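Notes to accompany the following structure.
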Amino acid sequence: MLGSPKKGATDAWHAVLTQIENYKLNDVQYCGGVADIMKFFDQIRRQVVYAILRFAGCPSKVLIPYMAMLDELTLYNSIAGGLGQPHVRACGIPQGCPMSMMSTAILMRPWIMMMINCGVMCCVLADDVLIFSSGTDMLHTFTNALNATHSYLQEMGSRIAPSKSFNFASNDTSAKWLQLTRWPIIDEGIKVVNNFRYLGAHLNARASLRSPTLTKRIDKALLQLRRLQYVPATAEAKARAIVAKIYAGALYGVEAAAISTHELNKLTACVIDVFRRKTMPTMLTVFSPRMWTATSSWTPTHTCS
């Protein structure tokens, strides 16, 4: 999704989720993998970035101030609540800077063209690199694409983190083969998973809709709601906090995986407890989390303790 205007992380995992669902609905076997780049933004050589941006036609009125800003950027490490000594790094670009995202897109464009030539689907957003292969020859195609990815990243000066990388497959035979494979470029094996977190959403390579990520977010929301009970604020202020922050965090990525009725009941019960003294009748109709998922009749069976 890098380089696509008005597109972000949500659009990226929506596209990947749609592709996985399309494979499942059409009974197409597939496999894939995610290559994790160790400290990607911290290790980029700025001189290479400058040369590529200049070659790509970046206006000098933009490039020169950008170069000056990066070369003169003073950094401080945060240590035990304090700040360390100021220093300047020889490598690296700011991770949250929009210019860094554009620079990364240009750096990874040759890799995208390589993956297209390998016959696989690829996605890249910042340092998240994802490869998909499908069909009867998927393992052979995926192996060539992943080896080419490892080679490209190493030649670019990046370090691959095998412990944070993973592969997946839609059937047991392919998953077992991937689990036993030792990849020559990194000289290590890569773990195989059935479900994984990608750009904040939890995706499932198999038929299951299990989502440990969503469960952890619900647990965090329950803790926030318990604390909110004792905040000296009006009902309207609490309602705004629940809708804008707690629901948004707890139910992010719910389109990609199912939330259990048990977890939903606990969340609703805790919301009711926040307003139990004054506005409980209003809560069931206005701020129930089922308005975020699906509407149905419901009787509370849990209490927030």
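The values are calculated or read from the model by the stated rules, or taken from the named source; none is laboratory data. The structure presented is a predicted model; accordingly, all values stated were derived computationally and were not measured. In this analysis, Cβ positions are derived from the backbone assuming ideal geometry, glycine residues included, and neighbour counts consider all displayed protein chains. Ligands, DNA and RNA are stripped out before the accessible areas are found, and what is left, the full protein with its side chains, is counted by its heavy atoms. Shrake-Rupley method; radii C 1.70, N 1.55, O 1.52, S 1.80 Å.
Of the residues Val62, Val120, Val16, the one that moves most in a GNM of the chain with alpha-carbon contacts below 10 Å is Val62.
Counting only protein heavy atoms and a probe of 1.4 Å, the accessible surface of the range 172-236 is 53% carbon and sulfur. Treating each Cα of the range 1-60 as an identical point scatterer and summing with the Debye formula, the log10 of I(q)/I(0) at q = 0.27, 0.28 Å⁻¹ comes to -1.12, -1.13. How many Å² of accessible area per residue for the chain, probe 1.4 Å? Per residue, the chain has an accessible area of 55 Å². Histogrammed with a bin width of 20 Å, the alpha carbon distances of the chain distribute as 27, 46, 26, 1 percent, first bin at zero. Considering only Thr215, Leu146, Trp177, and ranking their Cα positions along the charge dipole of the range 143-237 that arises from unit charges at the beta-carbon of Lys, Arg, Asp and Glu, the one farthest toward the positive end is Thr215. The length gained by stretching the chain between Arg226 and Ile79 to full extension, at 0.36 nm per residue less their Cα-Cα distance, is 49.8 nm.
Pairing the Cα long axis of helix 60-71 with the longest principal axis of the chain, what angle in degrees results, from 0 to 90 and rounded to the nearest 10? That works out to roughly 80 degrees. What angle, in degrees between 0 and 90 and rounded to the nearest 10, separates the Cα long axis of helix 261-274 from the longest principal axis of the Cα atoms of the chain? For helix 261-274, the angle is close to 60 degrees. Here the range 144-165 and the range 88-127 have alpha carbon centers that stand 13 Å from each other. Taking every Cα-Cα distance in the range 168-228 and sorting them into 5 Å bins from zero, the calculated P(r) comes out as 4, 16, 16, 16, 15, 12, 8, 5, 4, 3, 0 percent. What is the helix-to-structure angle for 9-25, meaning the angle in degrees between its Cα long axis and the longest Cα principal axis of the chain, kept from 0 to 90 and rounded to the nearest 10? For helix 9-25, the angle is close to 90 degrees. Per the Debye formula with a single identical scatterer at each Cα and no solvent contribution, what log10 I(q)/I(0) holds for the range 1-144 at q = 0.11 Å⁻¹? Treating every Cα as an identical point scatterer, log10 I(q)/I(0) equals -0.55. A simple spin-label model places the labels of Cys91 and Phe55 1.9 nm from each other, with each point 7 Å out along Cα-to-Cβ.
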